[in-house]
1. When the accessible area of the range 44-195 is computed with all protein chains present and a 1.4 Å probe, what percentage of it is carbon and sulfur?
2. Which net charge results when you count Lys and Arg as +1 and Asp and Glu as -1 among the other residues whose beta-carbon is under 15 Å from that of Val126?
3. Name the GluC sites (Glu not before Pro) in the range 382-442 that are in a loop by DSSP and that have at most 15 other C-beta atoms within 10 Å, would you?
4. Which of Lys290/Lys537; Lys231/Lys530; Lys193/Lys231; Lys193/Lys219; Lys231/Lys526; Lys97/Lys231 have a Cα-Cα distance over 25 Å?
5. Over all pairs of distinct alpha carbons, what does the Kirkwood formula give as the hydrodynamic radius of the range 109-149, in Å?
6. Rounded to the nearest 0.05, what FRET efficiency do Leu521 and Asp28 have when you use their Cβ-Cβ distance and R0 = 35 Å?
7. Would you calculate the volume per residue, in Å³, of the smallest convex hull containing every Cα atom of the range 193-270?
8. Let me test this: with uniform point scatterers at the alpha carbons of the chain, what is the Debye-based log₁₀ I(q)/I(0) at q = 0.05, 0.09, 0.10 1/Å?
Amino acid sequence: MLETDSKRVWSIGQNVATIRRRRGLTLDGLAELSSVSRASISALENGADNPRVQTLWNLADALGVNFGTLIGDSKDECVVDDDGASVQLIDRRTSPKIVEAYLLELPAGVSRNARPHVSGVHEHVVVLAGELLTGPAEGPSLLKAGQSASFAADVPHIYSAERASARAIVTVVYPLQEDGARPDLELNWPRSKVDWEEVVSLMARATIEVQNGVGINTKRFQLPAQLSPAKAVSELRRRIATVPHSPAVRRFVLTGSAPGILSLYRAPQMARLPTATESLKGNLADRCLKLADLATARFGSCDLDRIQRSVSETSSLMESALAAEALTRHGRPTVPLGVGTIEHSREPDDATARRLFEARIDVDAYEAYELVHPAYARQTLALAGYLPVTEGLRILDVGTGPGLPLAMLRELRPDLQALAVDPSEVAVQHLTRRFAKDPAVEIQQTSITELDPPNQGFEVVVSVGASHHLDTSTFLAAIRDQVRNGGRVLVADEMISAFSDCEGRQAALIRHHLWYILDTLVELPKGSHKGDIQLAKRLAEVLPEALGMAYSQRSDAARHTIRDLFEEVTEIERPMQPSHPLAVFSRFHLLELQALIAGFDYEVEQKTSPARFKALARTNGFEIMEHHRIYATDGDGQEDAGTHLLVMEAV
């Protein structure tokens, strides 16, 4: 049992709580990842429990930190279990690798089964007294005093004292995290015109290779002592502007002590919207459809000033958003009218403990900035085209959130009536404000899984951006209970490329979310708040490298990079309201990182692939009538990642 010093117990509990909150995990989420009960974690965080050694190891692994970080770096920190087993930190080093040494003492007949540590961790055990059975659980070694063993500790492993008590030094060596994307070619810094011509030639060749199927190319430069990395980065940005452009390749200048150029294949993001427009009538619908077409027009072929007027002169949320997206895609980053003013709602007292949407995603920021998300208005316009033309149609809107898509649907179809359901208290506060004077919208704070079935099923159920916040099959089954036979279900949502294991899923999540960000990176002008400028700069410096890692089968390194970056940038002091309209984009990027990290933890973000979504839909009583990829992130095919629209019929 933990030493009776209550201050030490409290300190360890506070360490757990602080790290959990910094990582964005709820108590439920940490319980799932660590196999430690929610009640035990809560008691530990409140200083009311004396945890076992194994409990702390499990929590440390789940939180992605070292055992020493959790119990404190002081060398006299010791954890003692009820059965007499104890672990004491005796030394810790953090450079170049993290190395921790512990004194382990086990009474006779006491054993510990340890979970796998993170990939690449090794342990070295030296027995000081007694006998210790230790090593991988499938093949441990019996060591006597003076003997030692080394083994990979990223598999289940054991420590067991046999007939006599055992005393041992256990040294845990954590892997060195590689920085940056691995280079395909390392070059000396060019010193002449001929050298630069050779670099441009290599970049032109890399463009061909990447667009034809290689997918990624990275070149790094070794700098002479007299050249600073900042000057080298500036020069590289100037030089790559001379490389022939390919719409299928995105180039990023990599920063750091060895700057470089990253070339990535970029799938075409948008195609023309599906042709179903029978329910889209009137001048507003016509203008919106034309703006949606302009977003896919050839670069340089549009009258941008005319589109700019559509942003500022309309009173329509959808028209302004579509016009702003067209301008952004044509090289003039623009924020829709009225976007960017954040209003803080009252948050539930235990929001960070319970598994609520607002426990992982800043709903107030979502309300303020989500409209600049690529294809956010576009998906709603496409969905509106599949609404039946029935006058006064009443729909069920599932996972309405703060209500932006429903507001846009009501602009296009003023006759529309809706029952809007969402379990988030904060989202419903925004929803209530938005539709306070609209009697056509009824609001219920509840989950679709808890909504009572109607006497007569709905003719149409819609859901925009919500299906991935629930277990997909449960979401679909609950909707099937609400819709009549032959009724229509319209789902617009983000989905990722197919995966078959956890590592593949994490790589797919990273590639999907980071393209939404990299497609909307902006540089803020002078005069913006320094915190907003720093935020935008750090995102632009780090995230291309993280995406390069994900495309290079290094998703673990990318995940660590993204987590570290998010913790860094959330500490940047910046004004509550964006200091410049373009600062809205980097505020949206923070939201996207929140969603990505929640996806790593499978908390309130549970994206699947389009093919699997459709299979689950058929399992739950739906026929797929139409499927469109509205915005492509990762991959070329219809079944790859991006924003998707599915039109389904209840059978």
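1. On the way: 3570 of 7270 Å².
Carbon with sulfur: 49 percent of the solvent-accessible area.
2. Working: positive: Lys144, Arg167; negative: Asp91, Glu100, Glu105, Glu123, Glu131.
Net local charge, Val126 excluded: -3.
3. Glu391
4. Beyond 25 Å: Lys290/Lys537; Lys97/Lys231.
5. Computed over the range 109-149, the radius equals 11.3 Å.
6. Calculated value: 0.55.
7. 92
8. At q = 0.05, 0.09, 0.10 Å⁻¹ the computed log10 ratios are -0.27, -0.85, -1.01.
The values are calculated or read from the model by the stated rules, or taken from the named source; none is laboratory data. What you see is a predicted model, and the numbers here were worked out from it, not measured in a lab. Please note: Cβ atoms are built from the backbone with ideal geometry, for glycine as well, and neighbour counts cover all protein chains shown. Each accessible area value is taken on the protein alone, full model and side chains, heavy atoms only, with ligands, DNA and RNA left out. Shrake-Rupley method; radii C 1.70, N 1.55, O 1.52, S 1.80 Å.
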